[in-house]
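Working notes, beginning with the structure itself.
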Amino acid sequence: MVVRLSSENSDDCFRRKIPTTVSVGKFRRFSPSENSDDGLVVGKLLSITLPTIDISPLVVKCDDPSMKEDPGVAEVVRKLDWACRVVGFFYVTGHGISENLMKTVKQMSHQFFKLPYEEKLKIKIKPGAGYRGYQRIGENFTNGKQDFHEAIDCYKEFEQGKYGETGKAMEGPNQWPDNPQEYKEVMDEYIKLCIDLSRNILRGISLALGGSPYEFEGKLVGDPFWIMRIIGYPGVNQENVIGCGAHTDYGLLSLINQDDDKTALQVKNLAGDDWISVTPIPGSFVCNIGDMLKILSNGVYESTLHRVINNSPRYRVCVGFFYEINFDEMAEPLDIFKEKHPGNKRSQVSKRVVYGEHLVNKLQATFANSMENI
Ligand SMILES: O=C(O)CCC(=O)C(=O)O
């Protein structure tokens, strides 16, 4: 399971309405003639495809403190700003992770999910294993309803005792199967690259919000937690079986590596009355911002509802990487963004919680839920 806020239980979720001019925050408006080069034609926001952003200039300059001065980086930053304000979802290309590795990760995951059930159960998820491991079909719930998928859940590994009593529930190494061979090695390499990529995209997002490149690397996010879910959605013979119910992601930034030949991920459109299919673009990541980024940015950026319906008769794999804040910190608007965007009040939430506590509570609740229902 992964921590997500649903349309029903989000305490700060809001639905955007678009008139002929698109209101994206209190301080800025895009008219229908603007930004048509971003992969979005604003006048067609009701039926958009998501923007595609080639972030290669940002990747090249990611360790240069004056990256902001680079015209290529400035262009990436402008596109990130647009995508994060208006859609909350975008494709990322030019990210530096090889297409070959992205494919291998999915192929190995297909191989694992094809194994007999008894084999998969050897790495079964359980509280005693830090909630890490294999979760069978129907064990994950979104909005209180069973999702039609199976998964391997992994979390950042940390030393025993590092996060006190709260962290205890999540201690333990990730569980990897012996088959396919070298799965663990490949995934460990992939995770390292996803951590670096998330940090680099967030450098661009930090600039886009008017900060230095490093606002998401300080006290709150200096030791980022992460979650990885390797998800398998069986092919179905009937339409509209919910593989994963509508939710927003809880963390900062999500990187989705999906099968190239099935379209199943859907994003709620701006008017809130339809779903946009996220057609795979080989070699790209689908990137979306989570609720924590909405809070840290003082509500300038938006997390967007999405769901998964695999209408294909074939099995679909998606590897989702979720980059979060520190386990023992509470998400709050950063001072710099409160100063830069004082008019924004959208991130106000009725209750704030330490991230790790929230995660553990959710895991315990979901686990209890699945034991009762299966
Ligand atoms: O399967 C996908 O494409 C996305 C999965 C997802 O939304 C999630 O795990 O939060």
Task: D (Stokes-Einstein, µm²/s), Kirkwood Cα radius, segment 229-312, 0.692 mPa s at 37 °C - done: 239 µm²/s
Task: Efficiency of FRET from Cβ geometry, D335 and E119, R₀ 45 Å, rounded to 0.05 - done: 0.30
- [ ] Could you go through segment 315-324 in sequence order and give the Karplus-derived ³J(HN,Hα) for each residue, using 6.51 cos²θ - 1.76 cosθ + 1.60 with θ = phi - 60°, rounded to whole Hz, and x for Gly and Pro?
- [x] 5, 10, 10, 9, 10, x, 10, 10, 9, 10
TODO: Name the residues whose placed amide hydrogens come within less than 5 Å of the amide hydrogen of Y315, ignoring near sequence neighbours (fewer than 5 apart) on the same chain.
DONE: G235
Open item on the list: For Y91, what residues show an amide H to amide H distance below 5 Å, using hydrogens built from the backbone and excluding near sequence neighbours?
Closed with: T52, I53, C287
Task: About the Cα centre, charge dipole magnitude for segment 251-372 (Lys/Arg +1, Asp/Glu -1 at Cβ), debye - done: 260 debye
TODO: Give a residue-ordered list of calculated ³J(HN,Hα) values for segment 147-160 (Karplus: 6.51 cos²θ - 1.76 cosθ + 1.60, θ = phi - 60°; whole Hz; x for Gly, Pro).
DONE: 8, 8, 7, 10, 7, 10, 9, 10, 9, 3, 8, 9, 5, 4
Task: Translational D in µm²/s for segment 86-191 (Stokes-Einstein at 37 °C, 0.692 mPa s, Kirkwood Rh from C-alpha pairs) - done: 207 µm²/s
Task: Over segment 7-373, volume per residue of the alpha carbon convex hull, in Å³ - done: 135 Å³
Task: For I325, residues with placed amide H under 5 Å, excluding near neighbours - done: F225, L252
Open item on the list: Students often get this wrong, so check it: of K114/K168; K79/K338; K79/K262; K268/K340, which have C-alpha atoms separated by over 25 Å?
Closed with: K114/K168; K79/K262; K268/K340
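Bear in mind these aren't lab numbers, they're just calculated from the coordinates by the rules spelled out. Quantities reported herein were computed from a predicted structural model and do not represent experimental measurements. Neighbour counts run over all protein chains shown; Cβ positions are idealised from the backbone, glycine included.
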